[in-house]
Every structure is written in C-alpha cells, then in structure tokens.
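The values are calculated or read from the model by the stated rules, or taken from the named source; none is laboratory data. Just so you know, these numbers come straight off a predicted model, no measurement behind them. All Cβ positions, even for glycine, are placed from backbone atoms using ideal geometry, and neighbour counts span all protein chains on display. For accessibility, only protein heavy atoms count, side chains too; no ligands or nucleic acids. Shrake-Rupley method; radii C 1.70, N 1.55, O 1.52, S 1.80 Å.
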Amino acid sequence: MKILAFNGSPRGSQSSTRQLLLAACEGAEKAGATTTVVDICELDIGYCNACGSCYITGDCVLDDDFESVYYQFLNADGIIFSSPVYINSVTAQLKTFFDRLADAVHCQRLSGTYGCSLSTAGGALAEEVAEYQNSVIRMLGGTSVGSVGVNIMGNPGAVDAKIPAATALGADLAAAIREQRRYPDQEEEHRVRRERMIELVRFNKDTWKSEYEYWENQGAYSDR
C-alpha cells in the first residue's frame with residue numbers, strides 16, 4: 001500500500017499541521033502501508049492558466065514540479081491532504097496544486113483510491129477545512145475515510161492532544177485500502193459524478209481528445 005501525504009503548511013519542521021500528518025503516516029505504516037510526505041510549499045508549482053492543454057493532449061504546458069508529483073499522485077493507493085487554515089481555506093500553495101487537477105477531475109483519476117484529511121487552525125474552521133480537502137478527494141473520484149481538525153484557540157497542547165486521533169486515522173486509511181472498504185453513500189456520489197464527467201467529455205470530444213480517449217479506453221462509450 002502506497003500512501004502519498006501532502007503537507008500544505010509553509011512552516012516546515014515547525015508546522016503543527018506537519019506534526020499531525022507525521023502521526024497519521026506513523027499510524028498508516030504500523031498498519032502495513034508505506035508513506036511518502038510531499039511538502040508542497042517546497043516545490044515549484046505554478047498557477048493553472050486554463051489553457052486546456054491537459055484536456056487536449058494529456059500534458060500540461062507549464063514546466064515545473066507538478067508532473068513528478070502528479071505521477072506519484074495517480075499511482076498511490078491512498079492520499080492524505082493536510083493544511084492549516086488560511087482565511088477559511090487551505091494554503092495558497094495547496095490550492096494551487098488542487099487547481100492543476102482539472103484533467104484528473106474530468107477523468108475521475110482517483111477512482112479506487114482512498115484518502116483522508118487533516119487541518120489545524122489558530123482560531124476556527126479546522127474541521128471544515130479538513131472536510132473541504134476530503135471533498136477534493138471525492139471530486140476526483142476517490143473515497144474519503146475521515147478527518148481530524150484541531151482548533152488551537154491559544155491552547156498549546158491542543159495539537160498534542162489530537163496526535164492519537166491522527167495516528168488512528170492513518171491506520172484506518174490503511175485498513176480501508178487493504179479491505180477495499182465500501183461506503184454506499186459515497187458510491188452513489190461517485191456514480192453520479194462519473195456519469196456527468198463521461199457526458200461532459202463526450203460533448204467536448206472534438207477538442208478534449210486526450211480525455212475522450214481516456215474514457216473510451218475505459219469502455220465508457222462502448223454502449224452509447
């Protein structure tokens with residue numbers, strides 16, 4: 001089991017978010033997974049410019065670190081997203097990575113992949129931002145198994161108190177992968193989104209050639 005864990009905090013080793021993430025990775029590794037941490041703020045990942053090249057050719061025109069991370073992303077069995085709360089959302093660096101995933105959304109490239117999310121906040125909304133990250137996993141076709149959010153609120157021990165929960169979440173992620181666990185409510189969400197994306201790509205097949213070929217190879221248009 002390969003799990004790719006994203007740290008969205010720019011604070012490096014001083015990051016409370018990274019502390020939670022490492023705990024989740026420890027739990028996953030004890031449950032039999034291998035984990036790789038990606039400190040997204042240390043990478044050169046530029047803004048999506050909405051050129052549509054990924055839809056047409058399958059390749060991005062930007063020459064940066066995205067492609068190497070994206071390859072790992074598509075080949076992982078599990079994904080962990082983590083970010084501190086910056087004005088009610090994830091950090092700009094992690095959001096920039098999310099915005100480069102439009103092709104993966106259209107092709108539902110996380111289908112069969114499991115994920116979870118973590119967040120810390122000096123004030124509020126840590127749980128909401130963790131759930132936002134989980135919604136990104138589901139938007140890409142993946143299945144979310146849970147989240148941990150910590151609102152520190154001036155309590156220096158708040159993050160330490162949530163370490164066991166983060167460790168347990170990582171272990172549960174590994175267990176879900178191993179069991180190929182079913183989540184019926186998410187399965188229906190996946191079915192609806194998959195059908196919508198298949199039709200969207202079919203409608204644009206004359207221009208979105210790469211994406212149409214992807215779905216065609218998946219057998220999506222064999223009975224249409």
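Provide the per residue accessible area, probe 1.4 Å, for the range 1-128, rounded to a whole number of square angstrom. Write out the running numbers ahead of the final one.
Numbers: 5610 Å² over 128 residues.
About 44 Å² of surface per residue is accessible.
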| query | So if we plug the beta-carbon distance of Arg11 and Val192 into 1/(1 + (r/R0)^6) with R0 = 22 Å, what FRET efficiency do we get, rounded to 0.05? | reply | 0.05
| query | Carbon-plus-sulfur fraction of the accessible area of the range 58-207, 1.4 Å probe, in percent? | reply | 53
| field | At q = 0.15, 0.19, 0.22 Å⁻¹, base-10 log of I(q)/I(0) for the range 17-87 (Debye sum, equal scatterers on each alpha carbon) | value | -0.66, -0.93, -1.08
| Nearest 10 degrees, 0 to 90: helix 158-179 Cα axis against the chain principal axis | 40
| Point-to-point label distance, Asp185-Asp160, nm (Cα→Cβ direction, 7 Å offset) | 3.5
| said: Taking θ = phi - 60°, what integer Hz values does the Karplus form 6.51 cos²θ - 1.76 cosθ + 1.60 yield along the range 85-93, in sequence order, with x for Gly and Pro? | reply: 8, 10, 6, 6, 8, 6, 5, 4, 5
| note | Under 5 Å from the placed amide H of Asn7, counting only residues 5+ away or on other chains, we find Val38, Asp39, Ile40
| note | Nearest 10, in degrees from 0 to 90: the angle of helix 16-30 to the longest Cα principal axis of the chain is 80
| message | Can you tell me the length gained on complete extension of the stretch Asp65 to Ser53, counting 0.36 nm per residue apart and subtracting the Cα distance? | response | 2.6 nm
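Got the relative contact order for the chain handy, in percent, Cα pairs under 8 Å and 6 or more residues apart?
Numbers: 413 pairs, mean separation 55.6, N = 224.
Taking the mean separation of contacting Cα pairs over the length of the chain, I get 25 percent.
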| message | If I model the chain as equal point scatterers sitting on the Cα atoms and use the Debye formula, what is log10 I(q)/I(0) at q = 0.12, 0.16 Å⁻¹? | response | -0.64, -1.09
| note | Computed on Cα atoms, the radius of gyration and Dmax of the range 117-224 in angstrom are 18.8, 59
| message | Cut-off 10 angstrom, C-alpha nodes, Gaussian network model of the chain. Which of Asp172, Asp59, Asp185 fluctuates the most? | response | Asp185
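State the extension gain, in nm to one decimal, for the chain segment bounded by Glu216 and Glu42, taking 0.36 nm per residue of separation less the distance between their alpha-carbons.
Additional length available on full extension: 59.0 nm.
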